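The next block holds one structure in the form of structure tokens; read it before the comments.
The values are calculated or read from the model by the stated rules, or taken from the named source; none is laboratory data. Keep in mind that this is a model prediction, so the values were computed, not measured. Glycine gets a Cβ as well: all are built from the backbone with ideal geometry, and neighbour counts include every protein chain shown. Remember, those area values only see protein heavy atoms, side chains included, never the ligands or the DNA or RNA. Shrake-Rupley method; radii C 1.70, N 1.55, O 1.52, S 1.80 Å.
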Amino acid sequence: MAELSKTYDPKPVESRWYATWRERGDFRARPESGRPPYTIVIPPPNVTGILHMGHALNNTIQDVLVRWKRMQGFDAVWIPGTDHASIATEQKVVAALEQQGVAKRSLSRETFLGHAWAWKEKYGGIIIGQLERMGCSCDWERERFTMDPGYSRAVLEAFVRLYHKGLIHRGHRLVNWCPVSRSAISDEEVVHREVRGKLWHFRYPRTDGMGSVVVATTRPETMLGDTAVAVNPKDSRYQDLIGKTVKLPLAGREIPVIADEFVDPAFGTGCVKVTPAHDPNDFAMGERHGLVFINIMNDDASLNDRVPEAYRGLSREAARKRVVADLEALGLMERIEDYINQVGYSQRGDVPIEFYMSEQWFMRMDELARPAREAVLDGRIRIHPAHWVKTYLHWLDNIQEWCISRQLWWGHRIPVWYRKGADRSDPEARHVSVEGPPDPEHWEQDEDVLDTWASSWLWPFAVHTWPEDSEALRRYYPTDVLATGPDILFFWVARMVMAGLEFMGDIPFTDVCLHGIVRDDDGRKMSKSLGNSLDPLEIIETYSADALRFSLMMLTAPGQDVQVAPQKFELGRNFATKIWNAARFIQMQNEGLAEAGDAWRAPDWTAADLSREDRWLLGRLQTAAAAATRGLEEFRFDAAASAIYEFVWRHYCDWYVEAAKTALNAGDPVRRTTTLKVLHYGLASALRLLHPFMPFLTEELWHGMGYAAWTDTIQFAPWPDPAAEATAGGWTRDEAVETAVEARHELVRLARNLKAEYGIPTARRARFVVKPHDPAAEAAYREDADVIASLLRAENLDVDPDHVPAGATPSALGPDATVYMPLAGVIDVEAERTRQRAKLEELDANLKRANHKLLDRTFLDKAPEKVVAQFQARRDELADQRAKLARLVAALEG
């Protein structure tokens, strides 16, 4: 057992232990062990990704759970991997090629994919190495990538099965379109931004010569694709207009006026232009009323040849200016208003999306959604916090068809082939299979790839061997817990439930733990544009990986976002230092280590051996272990971490270790040995409780304190159950003793406060008198007088049930005794009395001014409520300070 250094340096410790764990294969699943399985699959980060605070939070949660379950005796496996991230990766590769002067469209598909795979091998997966820095105990031998050959086969197999089941079909629909990538994108890849723009009001002449109607829009260029004007059927202003027609300016088409209840009579004039091919609400109206759908844009959002020649080839921005100018020239512009609008932007392309009519592959979801809904309603899947169940069900109850195709090259190419020269819309001219047609020279494959979510929805079982059966698939599916953010509850979580039930006939996980979003200290979402992002690797470099992990868990309340700032990670670093110093103190009692034996493993004492302080600490340990276990079971990580923190910092270090110094130096070898045993047992138990949160520090101390004689790594040491161990040791908790010790601790706190109130430095010794309230308390205080005196650094401490204070003697009332602190000889009483009287006079003046302000009717009537509340709070604070100071002065005056 090597001597612990004076200070803890986490950097060499963390790198050394992680390398050791990997080399020994400590994170590997052990199916041959006979232990019950416990499985978590990592939400696969994008292969392009780098570690951010959201990853740090999410993966700390998973690692805490996996490490805890290993200690509980499970064959715990955490399966890692990365997502190919079609659009994100393709854009990275396109950008890299453009820097070399190479355009994507100048390359063949095969050549581009060669560049993409080369880029992936060079830059992809950086985040995996960063997860290792955090201490993530993944089974790296099972690492998967969503475009691995086996995984890709699973993706194609799922498509083929659903196609032949009639759930996948091809159709011409309105989709989110990114003009940069020239592809459909998912709702999750659309970011809404508040944009200050304009609302243009212009007139459409009535064809019956009875004037015109005024419509309003934020997108004047789309009017070239209008095929109707709509009003609400209950709007009395336009009853005579319904069924008539108007002339579409610039385009010259005659379009109908229709009645639809979707129209809001309060918006603009109550008349709205209808562009079915470029707006989802208009699309729905177009279908209801059988309108013509005119797509006026090319795939780069420039205007196509279905608009008048003057506008063809213009960008949408240029077309907007031209349309506005032309309407003004015709005298048809009614007015222009400033307008704030929520505009959808392509997350990757960083440009406004278009709602665009295109030929895409769609998946019918109703049949898949029903069993996914029932799995949550009947309790087979539990969502934490439970309030997210309502959101989950609402989405499933209103589910729409899923657009699963993307106009990209990087990804899983859709396994559909069309007979050359045949009509692609003819199902008879298609071949759909994983392997492809037997005579490929007569067929051409669909150009599109699948939406990334259409591969990751298979993740819980495709990480194994599906569609082939295997022992791993049977053993580790279903998984136990999925930890993720609520922002992908629909896009990923619900779809995984559907896929698991559809292809495996079973749910993919039993518990879904939804954590909040990591925000800065002002509650803003972290982003590069705001400059408020924190780099987890910088936090690790400054504070340590353990500090990052533990601090995040202390801050993670169920269902709430996590607000972080660099200084908040000092909590974890300071905690590590506190534990290290306590361990060094125990280790320094070298001559007693042999007598302590294996007490750190399990109690080997009798009830008669234990002091009240011992019994109190062991009771606190039972409470902490139960609270930590309950917190982890309920996914209340802050509660679990706080219970451990409270026990280690307050109960073990601040009270028991300090009190133990008296017993260790009292000259009683029996008492010294028992104290050492309790010290080691408490520390070893605390390290085991803390290990899932702070794996590096706990492993270092496990070895440094000699506990590796039990298990050569703390990772497989049993999770503490001190209540069961106490029962096995033949002793039980005594609540009365613990209450009495808590009362004694409270008295010590009160006595320390007395010193602070009178400005007596902690190191200066003072005299105290304890006046017990009953004979039982008197006996306890007399027995423990030396410990109390040590904790107070008292010059002397008297226990006197008949004490009558004299002179300047402040006091404090505790639960079972009153503590007095005679000031004579400790401070200059007269000088202190003068000083405190002056402060009291100053407080009286401030309090008088505050009361006068709050009696001023003019102030109360005119000031905002918040300001008045602040003055009231200040007045109350002054009143409290005045009462406290008056007591001090009274005590000084005897």
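Looking only at the range 79-92, filter to residues that are in a strand (DSSP E or B) and of a type outside the set (G, A, S); which one of those is nearest to P508 (Cα to Cα)?
By that ranking, first place goes to I79.
Name the one entry in E194, E143 that is in contact (Cβ under 8 Å) with a residue 24 or more places away in the chain and surrounded by fewer than 15 Cβ atoms within 10 Å (Cβ to Cβ).
Numbers: E143 fails: surrounded by fewer than 15 Cβ atoms within 10 Å (Cβ to Cβ).
Among E194, E143, only E194 is in contact (Cβ under 8 Å) with a residue 24 or more places away in the chain and surrounded by fewer than 15 Cβ atoms within 10 Å (Cβ to Cβ).
Here R495 does not qualify as of a type in the set (K, R) and over 17 Å from P371 (Cβ atoms).
The range 824-894 holds helices (runs of 4 or more DSSP H) entirely within its bounds, and those carrying 3 or more residues that are free of Cβ contacts under 8 Å to residues at least 12 places away in the same chain, closer than 30 Å to R765 by Cβ and of a type outside the set (D, E, K, R) map to 829-854. Can you name every residue in the range 307-324 that is among the aliphatic types (A, V, I, L, M) and assigned to a loop (DSSP other than H, G, I, E, B)? Passing the criteria: V307, L314. Looking only at the range 772-797, residues that are open to solvent by 60 Å² or more (accessible area, probe 1.4 Å), in contact with a strand residue (DSSP E or B) (Cβ under 8 Å, 6 or more places away or on another chain) and not basic (K, R) come to 2 in all. Scanning the range 807-821 for residues that are under 18 Å from L892 (Cβ atoms), assigned to a loop (DSSP other than H, G, I, E, B) and open to solvent by 30 Å² or more (accessible area, probe 1.4 Å) gives a single hit, G807.
Within the range 613-628, residues that are under 10 Å from F647 (Cα atoms) sit with their Cβ atoms under 8 Å from residues that are of a type in the set (D, E) and open to solvent by less than 30 Å² (accessible area, probe 1.4 Å), at 6+ positions apart or across chains, in these pairs: R620/E738.
Of everything listed in (1) in a helix (DSSP H, G or I); (2) in contact with a strand residue (DSSP E or B) (Cβ under 7 Å, 6 or more places away or on another chain), the single unmet condition for A76 is (1).
Applying the condition of being surrounded by fewer than 20 Cβ atoms within 10 Å (Cβ to Cβ) and over 26 Å from V787 (Cβ atoms) to the range 593-630 and asking which residue is farthest from the chain's Cα centre (by Cα) yields D598. On the basis of being under 22 Å from D63 (Cα atoms) and surrounded by 15 or more Cβ atoms within 10 Å (Cβ to Cβ), does P437 make the cut? When the stated conditions are applied, P437 does not pass them.
If you go through the range 377-406 and pick out every residue that is open to solvent by 40 Å² or more (accessible area, probe 1.4 Å) and either in a loop (DSSP other than H, G, I, E, B) or small (G, A, S) (or both), you end up with 7. Does the range 599-612 include one or more residues that are over 20 Å from D721 (Cα atoms) and either modelled with pLDDT of 90 or more or basic (K, R) (or both)? Yes; the residues of the range 599-612 include at least one that is over 20 Å from D721 (Cα atoms) and either modelled with pLDDT of 90 or more or basic (K, R) (or both). All conditions but one from (1) modelled with pLDDT of 95 or more; (2) more than 30 Å from P43 (Cα to Cα); (3) part of a helix (DSSP H, G or I) apply to E444; the one that does not is (3). Look at the range 495-515 and say how many of its residues are touching a residue at least 60 places away in the same chain (Cβ under 8 Å) and either closer than 18 Å to D63 by Cα or surrounded by fewer than 16 Cβ atoms within 10 Å (Cβ to Cβ) (or both). Summing the residues that are touching a residue at least 60 places away in the same chain (Cβ under 8 Å) and either closer than 18 Å to D63 by Cα or surrounded by fewer than 16 Cβ atoms within 10 Å (Cβ to Cβ) (or both) in the range 495-515 gives 7. For the range 867-878, the criterion of a residue being over 30 Å from V799 (Cα atoms), surrounded by 15 or more Cβ atoms within 10 Å (Cβ to Cβ) and β-branched (V, I, T) is satisfied by at least one position. All told, V769 meets the bar of being assigned to a strand (DSSP E or B) and surrounded by 13 or more Cβ atoms within 10 Å (Cβ to Cβ). For the range 15-43, a residue qualifies if it is outside any helix (DSSP H, G or I) and open to solvent by 20 Å² or more (accessible area, probe 1.4 Å), and the qualifying residues are R28, R30, G34, R35, P36, P37, P43.
Only residues that are touching a residue at least 60 places away in the same chain (Cβ under 8 Å), closer than 19 Å to C513 by Cβ and open to solvent by 10 Å² or more (accessible area, probe 1.4 Å) were counted in the range 557-577, giving 3. If you go through the range 677-734 and pick out every residue that is aromatic (F, W, Y), open to solvent by less than 10 Å² (accessible area, probe 1.4 Å) and either in contact with a strand residue (DSSP E or B) (Cβ under 9 Å, 6 or more places away or on another chain) or under 24 Å from V77 (Cα atoms) (or both), you end up with 3.
Counting only residues that are within 12 Å of the chain's Cα centre (by Cα) and within 21 Å of L537 (Cβ to Cβ), the range 551-580 holds 7 of them. Look at the range 256-300 and say how many of its residues are of a type in the set (D, E), in contact with a strand residue (DSSP E or B) (Cβ under 9 Å, 6 or more places away or on another chain), free of Cβ contacts under 8 Å to residues at least 40 places away in the same chain and open to solvent by 30 Å² or more (accessible area, probe 1.4 Å). Going through the range 256-300 one residue at a time, the tally reaches 1. Would the range 735-756 turn up any residue that is at pLDDT 85 or above, outside any helix (DSSP H, G or I) and out of contact with any Cys (no Cβ under 6 Å at 6 or more places or on another chain)? Within the range 735-756 (the criterion being at pLDDT 85 or above, outside any helix (DSSP H, G or I) and out of contact with any Cys (no Cβ under 6 Å at 6 or more places or on another chain)), the answer is no, since none of the residues qualifies. Beta carbons closer than 6 Å, at least 6 apart along the sequence or on distinct chains, pair a first residue in the range 718-736 that is closer than 15 Å to D604 by Cβ with a second that is assigned to a loop (DSSP other than H, G, I, E, B) for E725/A602; E725/P603; G729/P603.
Among residues of the range 203-215 that are basic (K, R), those with a Cβ under 6 angstrom from a residue that is in a loop (DSSP other than H, G, I, E, B), sequence gap 6+ or separate chain, pair up as R203/L332.
So, K661, is that one open to solvent by 30 Å² or more (accessible area, probe 1.4 Å), part of a helix (DSSP H, G or I), touching a Cys at 6+ places or on another chain (Cβ under 7 Å) and touching a residue at least 60 places away in the same chain (Cβ under 8 Å) or not? Considered against the rule, which asks whether it is open to solvent by 30 Å² or more (accessible area, probe 1.4 Å), part of a helix (DSSP H, G or I), touching a Cys at 6+ places or on another chain (Cβ under 7 Å) and touching a residue at least 60 places away in the same chain (Cβ under 8 Å), K661 comes out as no. Taken over the range 772-791, the criterion of being part of a loop (DSSP other than H, G, I, E, B) and modelled with pLDDT of 90 or more is satisfied by H773, D774. Cβ-Cβ distance below 6 Å, separation of 6 or more or different chains: which pairs start in the range 374-396 with a residue that is closer than 22 Å to E633 by Cα and at pLDDT 95 or above and end on one that is among the acidic types (D, E) and surrounded by 13 or more Cβ atoms within 10 Å (Cβ to Cβ)? Going by the 6 Å Cβ cut-off, the qualifying pairs are R382/D511.
Of the residues making up the range 23-33, those that are touching a residue at least 40 places away in the same chain (Cβ under 8 Å) and either more than 16 Å from T711 (Cβ to Cβ) or touching a Pro at 6+ places or on another chain (Cβ under 6 Å) (or both) are R28, A29, P31.
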